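Written below as structure tokens is the structure these notes are about.
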Amino acid sequence: MNTEESPFFSGAVRYWWSFCLITGISVVGFALSDTLGYRTIGFLFLTGVFAVGSFNTVGPVLFAAGLSALVWNFVFIPPRFTFAISATEDLLLCVGYFLAAVVTGALTSRSRQHEQRAREREERAQFLYEILKDILEFSRPKDFLSRIAIRIEEHCGGECVFVLNDENPPARSAEYQVFGVRGRKEQTARMFFKGWLGADQRELLELVCQQIGLTLERTHLERRLRDTERLEESERLHQTLFNSVSHELRTPLTALMGFASALEDESASSPEFRSKITAGLQDAAGRMNRVIGNLLDMSRLSSNAMVLKKEWHDPSDLIGVTLNALNSPRQITARVPAELPLVEMDFRLMEIALANLLVNALNYSDAPVEIEVLAGDASLRFAVRDEGTGISEKYLARIFEKFYRVPGTPTGGTGLGLSIVKNIVDLHRGEVSVANRPRRGAEFVITLPLGQPPALPEENDRE
Amino acid sequence: MIVNNRILVIDDEASIRLLLKINLEARGYEMIEAGTAKAGLELAATVHPHLILLDLGLPDAKGLDVLKELRLWTQIPVLVLTVEDAEHSKVELLDAGADDYVIKPFGLPELAARIKVALRHRAQDAGADAVFESGDLRIDLAKREVRAQGQAVKLTHTEFELLRRLALSPGRVVSQEFLLKDIWGKHAADNGHYLRIFIGHLRKKIEADPSKPKHIMTEPGVGYRLL
């Protein structure tokens, strides 16, 4: 605690204490004056002045030095009970005493003050440090503000409330002192304090408010930046959705409507024509379904609520389910080794990733497509290969970007398929890469890390 | 012989009802339709359908609640039509007593196959077939004999128990949780990898191409289906 402001040591009280001490020593000295010489009593007074010095500022020390010199002279130095001093040597002694008392008392007092300041500085530094720690520890302003308010109450005594700009001040706010919590540019909150504050404490609290102000301003700016980024991304997503709805969905829809009305046409009754129409209908509907699926997958992946459901799965089961769900009339060759380790993955998401690679390969070429699973020591690879025209090298780097579409590719995509793949593989801490194959076509490879699969139950009862 | 061909469709979408009517009647079923949950529940009690096709997105009640209400008094097979492709909701549907589910958009051949399975299953409930036969696969449950591609297949005890449980509900999803608990005991409910390993073993023994299974089909996150 800060002694300078404490009422116990304030103002006139200090002089009163000095007076009492010197009077006490006088009484004791008087009682012992027969056995002790007056010079020894001088030392007692000097000790008293030191004592005053170690508790007080310069004023009371001077007061104690002067008072004790007078008392010593009047009561003890012969001739006693007069201010006169008979011996020249006693006169020198008395003057010397006074000077020594003043100087040493003042020195003691000053060194004590230094010490006190240092302690106060340390306390302040500690206090500020605790507050910084609170700020770092709690990311939500509401949390660290309530914590800091408690610290301030403990440190300064009183009642402390932080009120953010959009909150109401405490009841009977006129009884509080108000500190503005501001950063460089704007005030983000106010601090209400009810209780007595010294100048030092006030200064300290202003410093704390400044620190909090800067922090709040920074978190506000960060949040605003994040919001802007998110908004931009969601605007792009909306734009893509809009484009998709207007183009990617309308195109197959046009086909659906066209084929449907063709069915009404008399001339379309030949079985050959009808089978073409149904194939067209199914194709268009499938395309619409894929576009909708992509948009839903992407919005699900970009929402923060996405939870990965990782379990140990059989990679060949994944291939089987993916191919079965895809149900493509086109030939897809699957090369799957008989013995494969279990891989920890979110089955549904990996199914989406593989299906997207396969659909991509099927869409961009009419040539055969194959999928191969390769097991290494520490990783498992899924390779999807086509025999199309490949991808121009300059576009390879951007191919997994959201919304990116290689110029000159046929329509029917949202530019989301491959970025969905990348998103899913990233969630699995895996890698996805693309390269052109030596002769023709492209190869996409998903690499997933292999872990240590859990143990299996024993099975010894063979039949 | 009683013909089990009366199907009640509860769906608020008139175009879907029309589509189903054309297709179901073409396949020899009689279709009764309801556009709301209330009308559906009334019809279910009065016309005695042999199967109910229930859409989950009804305007006047939650499909799941309709299913639960039906299950209070009847065991009529219920096939659920849903747009929700999330695993947990499928499990929820099976737990609430649905016989099967079909995700929208669905193909008519798929729906027809599911309807057939659900109706046949009810017909067989009294005395389950001791023999399951499908394409190149033949399972004699009583003799514990399995033949695939014309060859006798040797299965371990666990493999056979697994296959038997699938064969007892042919064409229907058997939930992962049920299989784990029934074969390995209650504590094994979270050890899905047991099942995946043994399903893998089984496929190697009975499927012509284990990576393109034709008999043991995986329903991701839900369970397995024997075709």
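Averaged across A:324-336, how many Cβ atoms of other chains sit within 10 Å of each residue's Cβ atom? Shielding by partners across A:324-336 averages 1. Taken over region A:127-204, the ratio of Cα radius of gyration to 2.2 N^0.38 Å equals 1.07.
For the pair A:Thr228 and A:Phe138, a Förster radius of 35 Å applied to the C-beta separation gives a FRET efficiency near 0.90, rounded to the nearest 0.05.
Roughly what would the spin-label model give for A:Thr104 and B:Lys212, points 7 Å off Cα along C-beta, in nm? Result for the modelled spin labels: 10.8 nm.
Counting only alpha carbon atoms, the long axis of helix A:58-71 and the longest principal axis of chain A meet at about 20°.
Using the 2.2 N^0.38 Å rule of thumb for compact globular proteins, work out how the protein assembly as shown stacks up: its C-alpha Rg over that value, please. Kindly include the intermediate steps, with their values, before the conclusion.
Numbers: Rg = 44.1 Å, N = 690, 2.2 N^0.38 = 26.4 Å.
Rounded to two decimals, the normalised Rg is 1.67.
Count the net charge of all other residues whose Cβ sits under 10 Å from the Cβ of A:Glu443, scoring Lys and Arg as +1 and Asp and Glu as -1. Here the charged neighbours net out to -1. The local environment of A:Met306, defined by Cβ-Cβ distances under 13 Å, has a net charge of +1 under the rule Lys, Arg +1 and Asp, Glu -1. Angle check, please: helix A:347-363 long axis (alpha carbons) against the longest principal axis of chain A (alpha carbons), in degrees 0 to 90, nearest 10. The angle comes out near 50 degrees.
Please compute the length gained on full extension between A:Arg236 and A:Ile292, using 0.36 nm multiplied by the number of residues separating them and subtracting their Cα-Cα distance. Working it through step by step, the gained length comes to 18.5 nm.
Give me the mean projected area, in nm² to one decimal, of the convex hull enclosing the Cα positions of region A:178-286. Let's see the in-between values first.
Numbers: hull surface 45.6 nm².
Over every viewing direction, the Cα hull of region A:178-286 projects on average to 11.4 nm².
Each of A:Thr228, A:Gly59, B:Val80 was scored by the projection of its Cα onto the charge dipole of the protein assembly as shown, and the greatest displacement toward the positive side belongs to A:Gly59; charges sit on the C-beta of Lys, Arg, Asp and Glu. Over the residues of chain A, the helix contribution to mean residue ellipticity at 222 nm works out to -19000 deg cm²/dmol, using -39500 (n - 2.57) for each DSSP H run of at least 4.
So for each of A:74-80, A:207-213, A:169-175 I average, over its residues, the number of other beta carbons within 10 Å; can you give me the resulting order with the highest mean first?
Packing proxy ranking, top to bottom: A:207-213, A:74-80, A:169-175.
What residue among A:Phe273, A:Gly286, A:Phe242 has its Cα farthest toward the positive end of the dipole of region A:226-303, where the charges are +1 on Lys, Arg and -1 on Asp, Glu, each on the Cβ? Final value for the positive-end residue is A:Gly286. Rounded, prolate or oblate: pick one for region A:256-362, where a ≥ b ≥ c are the square roots of the eigenvalues of its C-alpha gyration tensor, a/c under 1.5 means rounded, and failing that, prolate if a/b is larger than b/c, else oblate. Because a/c hits 1.5 or more and a/b fails to exceed b/c, region A:256-362 counts as oblate. Rounded to the nearest 20 debye, the dipole size of region A:76-226 about its Cα centre is 520 debye, using +1 on the Cβ of Lys and Arg and -1 on the Cβ of Asp and Glu.
Under the 0.36 nm per residue contour assumption, what length would be gained going from the current alpha-carbon distance of A:Leu374 and A:Glu154 to full extension?
Values: separation 220, 0.36 × 220 = 79.20 nm, distance 6.45 nm.
In short, 72.8 nm is gained.
Each label was represented as a point 7 Å from its Cα along the Cα-to-Cβ direction; for B:Arg27 and A:Phe273 these points are 2.9 nm apart.
Rounded, prolate or oblate: which fits region B:1-75 when a ≥ b ≥ c are the square roots of the eigenvalues of the alpha-carbon gyration tensor, with rounded for a/c under 1.5 and prolate only if a/b beats b/c? Mind showing how you got there, number by number?
Working: a/c = 2.34, a/b = 1.20, b/c = 1.95.
Verdict is oblate for region B:1-75.
Relative to the present Cα-Cα distance, how much length would full extension add between B:Phe178 and B:Val131 at 0.36 nm per residue of separation? Walk me through the numbers before you get to the answer.
On the way: separation 47, 0.36 × 47 = 16.92 nm, distance 2.20 nm.
In short, 14.7 nm is gained.
Here the spin labels are modelled as points 7 Å beyond Cα on the Cα-Cβ line, and at A:Thr219 and A:Ala125 they lie 2.7 nm apart. With an a/c value under 1.5 for the gyration tensor axes a ≥ b ≥ c computed over the alpha-carbon atoms, region B:98-227 is described as rounded.
Peptides B:210-221, B:144-155, ordered by how many other C-beta atoms sit within 10 Å of their residues on average, highest first, read B:210-221, B:144-155.
Straight-line reach from A:Lys422: taking Cα to Cα under 20 Å and skipping same-chain neighbours fewer than 8 places apart, the lysines in range are A:Lys309, A:Lys310, A:Lys394, A:Lys402. A Förster radius of 25 Å, combined with the Cβ-Cβ distance separating A:Ala174 from A:Arg202, puts the computed FRET efficiency at roughly 0.85.
Values in this text are rule-based calculations from the coordinates and carry no lab data. Worth saying up front: this structure is predicted, and the values here are computed from it rather than measured. For neighbour counting, all protein chains shown are included, and Cβ atoms are generated from backbone atoms with ideal geometry for every residue, glycine included.
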